[in-house]
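Taking it in order: structure first as structure tokens, then the write-up.
The values are calculated or read from the model by the stated rules, or taken from the named source; none is laboratory data. Nothing here was measured: the structure is a model prediction, and the numbers come from that model. All Cβ positions, even for glycine, are placed from backbone atoms using ideal geometry, and neighbour counts span all protein chains on display.
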Amino acid sequence: MNFDLSDEQVLLREAARDAFGRVRTVEAAREALEGGTLPDLWPTATTAGWTGLLLSEEHGGAGLGAIDAMLVAAEAGRVLASVPLLGHLPATAILDAGGLHDETLRKLAAGELRAAYVPARPGDDVDAAWTVEARSGKRRGPAPEVARGDDGLATVNGSVSWVPDAVGADVLVVVGVDADGPVAVVVEAGSAGVRVEAATGVYDSTRPLGHVTLENAGGRVLAASEEDLRRAWFLAHTLIAAESLGAVEECLER
Amino acid sequence: MDLNDTPEQAAYRAEVRAWLEQNASHAPATRGRGDEEGAVAAHRAWQRKLAEAGYVGVTWPAEHGGQGKGPLHQVVINQEIARAGVPGILDAIGVGMLGPTLIAHGSDEQKQRYLAPMLHADEVWCQLFSEPAAGSDLAGIQSRARKEDDGSWRLSGQKVWTTNAQFAAYGLLLARTDPEAHKHKGLTMFVVPMDAEGVTIRPLRQISGEPEFNEVFFDDVRLEPGSEVGAVNGGWGVALTTLMFERLTIGAGSEGMGYRADRFAAAIASDPVAAKDPEVRARFGELATELLALRFTGYRLLTAISRGQIPGPEAGMGKITAVNGAIAAGDLIADVLGPEALDPESEWSYLISFLPGLKSAGGTEEILRNTVGERVLGLPPEPRLDKGIPFSELRAKERQEVAS
């Protein structure tokens with residue numbers, strides 16, 4: 001057991017603090033409350049190499065883990081930086097595990113393309129069904145339905161609301177279900193049958209959310225296991241927790 | 001950061017586990033049931049066995065009979081003891097809190113004389129701090145020690161909530177030695193032989209049915225010259241060392257005391273209806289989160305200690321979290337299992353009835369939150385009306401107010 005950060009992790013955190021420190025993120029967050037535009041931090045993320053943080057090195061990534069991603073998320077939270085890693089990182093983790101090792105993955109690692117994770121909550125011992133966020137109400141919605149075709153292709157039907165970083169993403173990694181259980185499908189955001197609508201009236205102006213509707217949307221099935229999809233769900237939650245921790249720590253320190 | 005054992009820790013864990021598997025048959029059952037004297041003897045023997053194997057006081061320096069290892073080794077031992085389902089050591093207060101205080105502040109003679117028998121449970125120790133009118137406000141104690149011409153001391157006063165006093169050989173006692181000084185300044189720490197003339201120990205029977213606490217009276221007890229620990233009138237600093245180890249023991253060591261989320265989960269899951277009940281799950285989720293956060297906060301604290309840093313007042317937060325989390329677990333288990341949870345034979349009956357006492361041990365929640373607020377968060381301090389006033393005048397003032 002060693003609960004210290006490694007030297008590399010300390011460097012990663014300091015680099016993140018420096019990178020965010022070059023942008024007036026807190027002022028921008030305040031202005032965004034009044035309708036101001038948020039600065040685009042994607043180039044910052046790309047330059048720093050966070051876009052490939054969770055991708056293995058053979059696929060152009062840094063091969064780092066959840067704790068490293070949390071360090072970056074905590075620094076983002078500390079200065080209310082709106083950087084679309086909450087969508088991108090879990091999506092790339094699924095892609096890496098899921099055998100999509102092509103040009104798309106390389107571009108995602110390099111930040112030339114941006115992915116968003118369209119999440120489904122794993123079932124549990126009370127209710128085995130995988131569910132998604134509904135547009136309103138306490139009841140959760142069913143995960144999108146996946147119909148497999150030939151050659152690893154599939155069509156997806158369903159809707160998932162309040163998806164972080166979905167608006168403007170190039171690639172959607174959708175967690176849906178077929179007869180055998182949960183399955184991940186990668187869908188081009190611009191392809192037919194995919195609609196991503198920006199959510200309005202969002203409480204946190206630094207957190208863009210979108211409503212994703214899939215109507216016979218075509219995509220490719222990933223080989224990610226059920227365990228990989230569970231891990232992605234919990235990874236997204238640890239990132240939100242880390243981001244919140246950063247924000248709270250800063251409040252206590254100021 | 002690595003949440004797994006290092007190869008060295010894994011090897012140590014395997015060694016401890018193998019030893020416990022071989023020796024678990026010598027371990028006594030749960031604490032203090034039935035024949036009290038027999039039970040104490042059995043727990044004494046068990047601590048001695050652990051000490052001989054090198055598993056007691058592992059963080060103590062080797063020169064005092066310890067192993068000179070890091071606090072994470074202690075965690076490994078605590079976890080393996082919990083896993084084996086055997087009791088921990090009898091004198092956790094001595095080995096965990098009072099021994100380290102002696103190591104930090106005691107004279108060479110004191111270390112030579114007291115530490116080895118403490119480690120082996122040949123002499124059990126008790127902590128004589130709290131008084132009827134001074135618990136959370138510890139610096140308000142009134143037990144009085146007066147120095148004689150020959151360098152000996154005469155001690156009079158009363159202590160209360162003293163764990164293990166009924167079979168302790170020695171106590172570490174905080175007494176007032178200069179009433180004319182400000183209340184934090186006129187205190188001295190002493191070693192008191194519990195069999196000295198003028199010491200009276202009376203049991204306090206708790207709701208659990210067991211007399212774990214005592215009240216202890218001192219009637220003109222003679223203490224040998226050299227009984228003081230640390231400087232005369234420097235007792236407050238010595239007491240703070242003990243309290244720091246106490247909070248650390250309760251907070252970071254709470255898993256060793258059995259306050260573990262997985263243990264509570266198993267009990268709840270034994271009722272298939274409760275296991276799927278949304279309210280039970282939500283309540284369990286909340287307390288399990290606290291206890292897991294505590295586990296890792298505790299480890300982080302231990303990492304800092306192993307680097308030679310001294311834990312600050314934030315250690316108090318761990319104590320609050322441990323006790324509140326365990327109380328919430330006890331309540332939930334009582335709700336799930338029904339009145340049978342309180343059956344004396346149930347493993348939960350003792351836990352549920354013991355925990356309220358732990359609320360005040362090591363400082364009450366209110367006091368600890370004040371300390372965290374002031375010293376960790378930097379919030380404005382509470383108004384202190386007693387600041388700069390000699391203790392004797394403070395008492396006179398209080399009496400005046402009571403009279404009027």
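Residues that are of a type in the set (Val, Ile, Thr) and within 23 Å of B:TYR350 (Cα to Cα) were ranked within the range B:254-311; the one that is nearest to the other protein chains (Cβ to nearest Cβ) is B:VAL280. Scanning the range B:266-285 for residues being part of a helix (DSSP H, G or I) and either within 26 Å of the chain's Cα centre (by Cα) or under 17 Å from B:GLU340 (Cα atoms) (or both) gives a total of 7.
Consider the range A:29-54. How many of its residues are in a helix (DSSP H, G or I) and out of contact with any helix residue (DSSP H, G or I) (no Cβ under 6 Å at 6 or more places or on another chain)? Walk me through how you get there before you give the answer.
As a first pass, look at the range A:29-54 and keep what is in a helix (DSSP H, G or I): A:29-33, A:42-48, A:50-52.
Retained after the next criterion (residues that are out of contact with any helix residue (DSSP H, G or I) (no Cβ under 6 Å at 6 or more places or on another chain)): A:29-33, A:42-43, A:46-47.
Residues in the range A:29-54 being in a helix (DSSP H, G or I) and out of contact with any helix residue (DSSP H, G or I) (no Cβ under 6 Å at 6 or more places or on another chain): 9 in total.
Just to check your reading of the model, which residue among B:ALA24, B:ALA84, B:ALA11 is of a type in the set (Gly, Ala, Ser), within 14 Å of chain A (Cβ to nearest Cβ) and farther than 24 Å from B:TRP125 by Cα? Talk me through it step by step, then tell me what you get.
Working: B:ALA24 fails: within 14 Å of chain A (Cβ to nearest Cβ); B:ALA84 fails: within 14 Å of chain A (Cβ to nearest Cβ).
Only one candidate passes the filter, namely B:ALA11.
Step by step: first the residues of the range A:10-29, then only those that are within 14 Å of chain B (Cβ to nearest Cβ) and under 21 Å from the mean Cα position of the chain (by Cα), then the one that is farthest from A:GLU243 (Cα to Cα). Which residue is that? Top of the filtered list is A:LEU12.
Does A:LEU71 satisfy being touching a residue at least 40 places away in the same chain (Cβ under 8 Å) and outside any helix (DSSP H, G or I)? Let's see the steps before the verdict.
Values: touching a residue at least 40 places away in the same chain (Cβ under 8 Å): yes; outside any helix (DSSP H, G or I): no.
So A:LEU71 does not fit the description; no.
Kindly indicate whether A:ALA109 is touching a His at 6+ places or on another chain (Cβ under 7 Å) and either within 14 Å of another protein chain (Cβ to nearest Cβ) or touching a residue at least 12 places away in the same chain (Cβ under 8 Å) (or both). Even if it seems obvious, please write down each step before you answer.
Details: touching a His at 6+ places or on another chain (Cβ under 7 Å): yes; either within 14 Å of another protein chain (Cβ to nearest Cβ) or touching a residue at least 12 places away in the same chain (Cβ under 8 Å) (or both): yes.
Considered against the rule, which asks whether it is touching a His at 6+ places or on another chain (Cβ under 7 Å) and either within 14 Å of another protein chain (Cβ to nearest Cβ) or touching a residue at least 12 places away in the same chain (Cβ under 8 Å) (or both), A:ALA109 comes out as yes.
A residue that is surrounded by 15 or more Cβ atoms within 10 Å (Cβ to Cβ) and within 14 Å of chain B (Cβ to nearest Cβ) occurs somewhere in the range A:56-66. Based on this model, can you work out whether B:TRP46 counts as in a helix (DSSP H, G or I), among the aromatic types (Phe, Trp, Tyr) and either farther than 24 Å from B:TYR259 by Cβ or without any contact (Cβ under 8 Å) to a residue 40 or more places away in the chain (or both)? Judged against the criteria, B:TRP46 is not a match. Listed by first and then second residue, the pairs linking a residue in the range B:361-379 that is over 23 Å from B:ASN214 (Cβ atoms) to a residue that is among the charged types (D, E, K, R), with Cβ atoms under 8 Å apart and 6 or more places separating them unless they lie on different chains, are B:GLU365/B:LYS359; B:LEU368/B:ARG247; B:LEU368/B:LYS319; B:ASN370/B:GLU382; B:VAL372/B:GLU314; B:GLU374/B:GLU382; B:VAL376/B:GLU314.
Mind counting the residues in the range A:129-152 that are within 20 Å of A:LEU113 (Cβ to Cβ) and modelled with pLDDT of 95 or more? Steps first, answer last, please.
Residues of the range A:129-152 that are within 20 Å of A:LEU113 (Cβ to Cβ), as a first pass: A:152.
Filter once more, keeping what is modelled with pLDDT of 95 or more: none.
Summing the residues that are within 20 Å of A:LEU113 (Cβ to Cβ) and modelled with pLDDT of 95 or more in the range A:129-152 gives 0.
A:VAL156 - would you say it is under 23 Å from A:LEU89 (Cα atoms) and touching a Phe, Trp or Tyr at 6+ places or on another chain (Cβ under 6 Å)? So A:VAL156 fails the test.
B:ALA322 meets each of the listed conditions (1) within 14 Å of another protein chain (Cβ to nearest Cβ); (2) modelled with pLDDT under 90 apart from (1).
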